[in-house]
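See below for the structure under consideration.
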Amino acid sequence: MLLFGQGQIGPEPFARPNEIGEDPVFHHQHLDASTQTGVGVFYLLIVLMNLGFAAYWFYNRRDRKQANIWIVVALVFLIHAAAYLFHAGWILPAFIRNAVDDFIGPVTYFMLSLVLFILFIYYRKGCTEPPVAWGILNISLLASGWAITDSNFRSIITKEDNVPIVLLIFSVGFFTWLGMRKAVVNDERMARGEPPLEKLEDEKVLVWPDLVYTELICMVIATFILVIWGVVLKAPLEQPATSAKAPNPSKAPWYFLGLQEMLVYYDPWMAGVVLPTMILVGLIAIPYIDFNQKGNGYYSFNERKVAIVTFNFGFIVLWVTLIVLGTFLRGPNWNFFGPFEYWDPHKVLPLNNVNLSDMFWLGLMGRVFEEGKDWFLRELPGIILVVLYMAALPPLLAKTVLKPFYVRMGFVRFFVLVTLIQFMAALPIKMVLRWTMNLKYIVYIPEYFFNI
Amino acid sequence: MSEPTNPPAETPAATATPPKPAAPPKPAPPAKAAPKSTARRGVLLALFGSWFAVAWLAMTAAVGGMVLGTVRFLFPNVLSEPPSKFKVGLPDQFEDGKVVERFKDQNTWIVKYNGIIYALSTTCTHLGCTPNWLESAQKFKCPCHGSGFKITGVNFEGPAPRPLERWGLSVGEDGQLVVDKSKKFQKELGQWDSSESYVKV
C-alpha cells in the first residue's frame with residue numbers, strides 16, 4: 001500500500017466488461033405492435049408538421065422551391081409512417097447503435113456539446129435561418145424516431161420521470177433558436193443603420209384585458225396539460241427507503257442532475273456548497289457587473305457578445321447538457337452508458353483516480369508521506385496551483401488579455417467578474433483533468449475534510 | 001396653572017434632585033417630569049398591569065414553550081436503534097477474500113482479507129449513500145456518484161475523498177466477534193493501526 005492507500009497507479013487487472021453480445025436483452029430486439037403503431041403516429045405528426053411548413057412557404061412567402069423541399073421531406077416521413085403503421089418492424093441497424101455506443105463517452109459527449117455550442121454561436125446567422133433550423137429539427141426528430149426502435153434506448157427515454165427531459169431538450173432548443181434568431185435579424189438591421197424590430201412596434205397594449213386574458217388562457221392550458229400528464233404518466237414509486245439499500249443508480253431530481261454530475265468531480269463541500277453558492281451569487285450579481293446599456297428592450301447578439309456567450313455556456317453546456325447526460329447516459333453505479341447500451345449493473349470500468357500530491361511526490365520525487373502527518377508539505381504543490389489560479393490569474397488577465405475590460409469595468413467589477421468566471425471554469429477544468437490525467441483532487445487534506 | 005401638575009413631582013425620587021427655581025414660569029418642564037416619575041413609580045405596574053403587557057408576556061411564554069418543546073424532541077425517550085454492539089459469529093466462519101453482507105442492515109460489512117478480519121461501515125465517505133459490493137469487480141461501488149473502494153475499504157476511484165470507516169471489532173468472551181459501532185477508525189488519521197480496529201486470525 002502506498003501513500004494513503006491509493007493502491008497501484010495504472011489500470012486494474014480486472015476482467016474485461018462483458019461483451020455486448022452476451023447480454024440477452026441486447027440480442028432480442030423486437031418491436032411490439034403497439035410500439036410500432038405509436039412510432040407510426042409520431043411520423044404522421046411530423047408529416048403534418050412539414051406539410052404545414054410547406055404550405056406556409058407556398059401561400060405566405062410564394063416560394064415554390066422551399067415548398068417543394070418540405071413536401072419531399074414530408075414524403076420521406078410518410079414512408080416511415082406507413083412502414084411502422086403496417087408493422088414492418090424496422091429496427092436501427094446494430095452496427096450504427098454499436099458505433100454510437102463506442103463513440104460516446106463522458107469526454108466525447110462533453111466535447112461534442114462544447115463544439116456544437118461554439119459552432120452554433122459562430123454560424124448563428126446560418127443556423128437560425130428558418131429553413132435551416134427547421135431542417136435541424138427534422139433531423140433530430142428522425143434520429144429520435146430511429147433511436148426509439150432500440151429497446152434499451154426506449155426503456156430509458158420513456159421512463160415516466162424522464163419525459164420532462166425529452167421536453168426540455170426540444171424546448172431549450174426552441175427558445176435558444178428564437179432568441180438568437182431575433183438577435184441575428186436585429187443585428188443585420190442595425191448594421192444597415194435601421195432600428196431593431198422591437199423599436200418599431202411601439203404600439204402599447206393594456207394590462208387589462210390583453211395581458212390578464214393571455215395569462216388566464218395560459219393558466220388554463222397549463223393546468224389542463226398537467227392534469228392529463230398526471231393521469232396518463234404516473235409518478236414512479238420505488239421500494240420503501242432503507243439506509244441499507246440505495247437504488248442503483250441513485251439519481252437526484254432531474255433539475256439537480258447537473259449538480260450531481262458536478263459531485264462526481266468535486267468533494268461534497270465544493271460541489272454541494274461552494275459552487276452552488278457561487279452560481280446563485282453570480283446570478284444575483286449580474287445586474288451589478290453588466291453595465292452595458294445596449295440591448296435593453298430588444299434582442300441583439302453583437303452588442304452583448306460576452307454576456308450572451310458566458311451565460312449560455314454556463315446554462316446550456318454546463319447545466320442543461322449535464323442534466324441530459326445524468327438522465328440518459330448515467331446508469332447503475334453511476335457508470336457512463338451509451339444511449340443504446342444495456343444498463344448492466346455489473347459493468348466494470350477500470351478506473352484509478354490519483355491525487356495531485358501522489359503524482360508529484362510519488363511519481364516525480366519518489367517520496368512517501370506517513371498517514372496523517374505533514375499534510376501541508378504534502379499538499380503544497382496543489383495549494384500553490386490553486387493560489388496561483390485564484391489569486392495570480394486575475395491580475396495577470398487584467399494586465400494582458402482582458403486589459404480593455406479591466407480599464408472599462410474598474411477594479412471591483414472586474415475582479416468579481418473574473419472570480420465568478422473562474423469558479424464557473426473550475427468545473428470543466430476539473431472534468432478535463434479527471435478524464436485526461438485521472439486526477440482525483442488537486443488539494444487533498446482528508447485530515448480536515450478539505451479537498452479541491 | 002403649574003401647581004396642579006406639581007404633586008406627582010414631589011415623590012422621593014423627584015425631591016432627591018435639586019429643585020429648579022426657574023421651572024415654575026415654564027409650564028413645559030413640569031409636564032415632562034410628571035410622566036417620567038409615574039413611570040418610575042409604576043414600572044412594575046406598566047410591565048405586568050396592562051392588557052397589552054399581559055398579551056406580550058403570554059405570547060413570549062407560548063413561543064418560549066414551543067422552542068423548549070422542539071428542543072425536547074432532540075432527546076427522545078426511547079431510541080429504536082439496534083444496539084451499537086452486536087455479535088457476528090466465530091472468526092473461523094469467515095472466508096478470506098469474501099465480504100459478508102448479512103449485517104448490511106446494521107450498516108456493517110464484515111471482511112476477512114489478508115489474515116485479518118475487519119468491520120467496514122457501509123456509509124460512502126463522499127456523500128453518505130450506501131455502496132454495493134460488486135463481487136465480479138472486487139470493489140464497493142457507490143450508486144450515487146460512482147465512488148469505488150477496494151475490498152480493504154480504501155478509495156481508489158470516483159470522488160470519495162477518504163477510505164471507508166472501520167467499526168471497532170474484538171473477540172468476545174464466548175469467542176465470537178463483536179462489532180462495536182460506538183468506535184470508528186479512520187485510515188487517513190492513522191487509526192487503522194489500532195488493534196481495536198481489526199482482529200488477527
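Restricting to region B:92-114, count the residues that are of a type in the set (D, E, K, R), more than 26 Å from A:Thr242 (Cβ to Cβ) and assigned to a loop (DSSP other than H, G, I, E, B).
2
When you scan region A:197-285 for helices (runs of 4 or more DSSP H) that lie fully inside it, which ones turn up with 2 or more residues that are aromatic (Phe, Trp, Tyr)?
Filter on region A:197-285 gives A:212-232.
Out of A:Leu349, A:Leu364, report the one residue that is within 27 Å of A:Gln260 (Cα to Cα) and more than 8 Å from chain B (Cβ to nearest Cβ).
Among A:Leu349, A:Leu364, only A:Leu349 is within 27 Å of A:Gln260 (Cα to Cα) and more than 8 Å from chain B (Cβ to nearest Cβ).
Identify, please: which residue in region B:106-136 is away from every other protein chain (no Cβ under 11 Å) and more than 32 Å from the chain's Cα centre (by Cα) and is, among those, surrounded by the fewest Cβ atoms within 10 Å (Cβ to Cβ)?
Once the filter is applied, the top-ranked residue is B:Gly115.
Considering each residue of region A:241-275, count those that are within 8 Å of another protein chain (Cβ to nearest Cβ), more than 24 Å from A:Asn451 (Cβ to Cβ) and of a type in the set (A, V, I, L, M, F, W, C), and give that number.
1
Only one of A:Ala244, A:Ala183, A:Ala222 is closer than 25 Å to A:Val324 by Cβ and either in contact with a Lys or Arg (Cβ under 7 Å, 6 or more places away or on another chain) or touching a residue at least 24 places away in the same chain (Cβ under 8 Å) (or both). Can you tell me which?
It is A:Ala183.
Restricting to region A:64-116, count the residues that are basic (Lys, Arg) and under 25 Å from A:Trp334 (Cα atoms).
So the answer is 1.
Against the condition at the interface with another protein chain (Cβ under 7 Å from one of its Cβ atoms) and within 20 Å of A:Phe449 (Cβ to Cβ), how does B:Pro163 come out, does it pass?
Yes.
Inspect region A:6-25 for any residue being surrounded by fewer than 15 Cβ atoms within 10 Å (Cβ to Cβ) and either over 30 Å from A:Pro345 (Cβ atoms) or modelled with pLDDT of 90 or more (or both) and give the result as yes or no.
No.
Only one of (1) touching a residue at least 40 places away in the same chain (Cβ under 8 Å); (2) part of a helix (DSSP H, G or I); (3) open to solvent by less than 60 Å² (accessible area, probe 1.4 Å) fails for A:Leu385. Which number is that?
(3)
Could you please give the count of residues in region B:181-201 that are open to solvent by less than 20 Å² (accessible area, probe 1.4 Å) and more than 19 Å from B:Cys124 (Cα to Cα)?
Number satisfying all stated conditions: 1.
Here is a check on your reading of the model: is A:Lys159 over 18 Å from the mean Cα position of the chain (by Cα) and over 30 Å from A:Lys65 (Cβ atoms)?
Yes, satisfied.
Look at A:Phe336 and say whether it is within 14 Å of chain B (Cβ to nearest Cβ), surrounded by 16 or more Cβ atoms within 10 Å (Cβ to Cβ) and of a type in the set (A, V, I, L, M, F, W, C).
yes
What about B:Glu157, is it among the acidic types (Asp, Glu), over 24 Å from A:Met262 (Cα atoms) and either at pLDDT below 90 or open to solvent by less than 10 Å² (accessible area, probe 1.4 Å) (or both)?
no
Whether any residue in region A:423-441 is open to solvent by less than 30 Å² (accessible area, probe 1.4 Å), more than 14 Å from chain B (Cβ to nearest Cβ), in contact with a helix residue (DSSP H, G or I) (Cβ under 6 Å, 6 or more places away or on another chain) and not in a loop (DSSP other than H, G, I, E, B) is what I want to check.
Taking every residue of region A:423-441 in turn, none turns out to be open to solvent by less than 30 Å² (accessible area, probe 1.4 Å), more than 14 Å from chain B (Cβ to nearest Cβ), in contact with a helix residue (DSSP H, G or I) (Cβ under 6 Å, 6 or more places away or on another chain) and not in a loop (DSSP other than H, G, I, E, B).
Tell me the residue from B:Pro19, B:Pro8, B:Pro83, B:Pro30 that is modelled with pLDDT under 75 and either within 30 Å of B:Glu135 (Cα to Cα) or part of a loop (DSSP other than H, G, I, E, B) (or both), please.
B:Pro19
The values are calculated or read from the model by the stated rules, or taken from the named source; none is laboratory data. Since this is a predicted model, take the numbers as computed values, not measurements. Please note: Cβ atoms are built from the backbone with ideal geometry, for glycine as well, and neighbour counts cover all protein chains shown. These area figures cover heavy atoms from the full protein model, side chains too; ligands, DNA and RNA do not enter into them. Shrake-Rupley method; radii C 1.70, N 1.55, O 1.52, S 1.80 Å.
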